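Here is the structure we will look at, set down as structure tokens.
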Amino acid sequence: MATNQGPGEPGPDGPGPDGWEILGDPSRRAIVESLAVRPHAVGELAAQLPISRPAVSQHLRVLKDAGLVDDEAAGTRRVYRLNPAGVSALRDQLDVFWRRTLEGLQEIVEEADEEKS
């Protein structure tokens, strides 16, 4: 199985692409949602989507370059699956956003309490 950098992490060719920007594309989100259920070959993904098989392959290449998807040979086809490290990096970013939001909300509540006193 190939090893890729996580979203936004530097790879051999410089900084990796931003995973959030990449997931902004509805077809890529649909591919990731399908791969979250189980690994798929390109043809299986293309059968589920309203885009061509070559378009699915292009989207998978972008997702792989971003470190969100890995692939491995299975006979004459390639099977794609989510890259746990890439998905974990996105989750870590969400955790940071959520923590900052909660800290900001707490500050607002504390300031309001101080003004009432």
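So for the stretch 82-95 (the condition being modelled with pLDDT under 95 and over 12 Å from the mean Cα position of the chain (by Cα)), does at least one residue qualify? Yes, the stretch 82-95 contains at least one residue that is modelled with pLDDT under 95 and over 12 Å from the mean Cα position of the chain (by Cα).
When Gly19, Gly11, Gly24, Gly6 are checked against the criterion of being at pLDDT below 95 and over 15 Å from the mean Cα position of the chain (by Cα), Gly11 stands alone in meeting it. Kindly indicate the residue of the stretch 44-63 that is more than 15 Å from Ser34 (Cβ to Cβ) and part of a helix (DSSP H, G or I) and also nearest to the chain's Cα centre (by Cα) among those meeting that condition. The extreme case among them is Val62.
The single condition among (1) among the β-branched types (Val, Ile, Thr); (2) more than 17 Å from the chain's Cα centre (by Cα); (3) closer than 19 Å to Glu21 by Cβ that Val79 does not satisfy is (3). In the stretch 39-56, the residues that are within 17 Å of Arg81 (Cα to Cα) reach residues that are among the hydroxyl-bearing types (Ser, Thr, Tyr) and not in a strand (DSSP E or B) with C-beta atoms within less than 8 angstrom, at least six apart or across chains, in these pairs: His40/Ser34; Val42/Ser57; Leu45/Ser34; Ala46/Ser52; Gln48/Ser34; Leu49/Ser27; Val56/Ser27.
One residue stands out among those in the stretch 81-117 that are within 24 Å of Arg61 (Cα to Cα) and of a type in the set (Gly, Ala, Ser): the one that is surrounded by the fewest Cβ atoms within 10 Å (Cβ to Cβ), which is Ser88. Taking (1) free of Cβ contacts under 8 Å to residues at least 24 places away in the same chain; (2) surrounded by 11 or more Cβ atoms within 10 Å (Cβ to Cβ) in turn, Arg78 satisfies each apart from (1).
The values are calculated or read from the model by the stated rules, or taken from the named source; none is laboratory data. No experiment lies behind these values; they were computed from the predicted model shown. Using ideal geometry, Cβ is built from the backbone for each residue, glycine included, and neighbour counts are taken over all protein chains shown.
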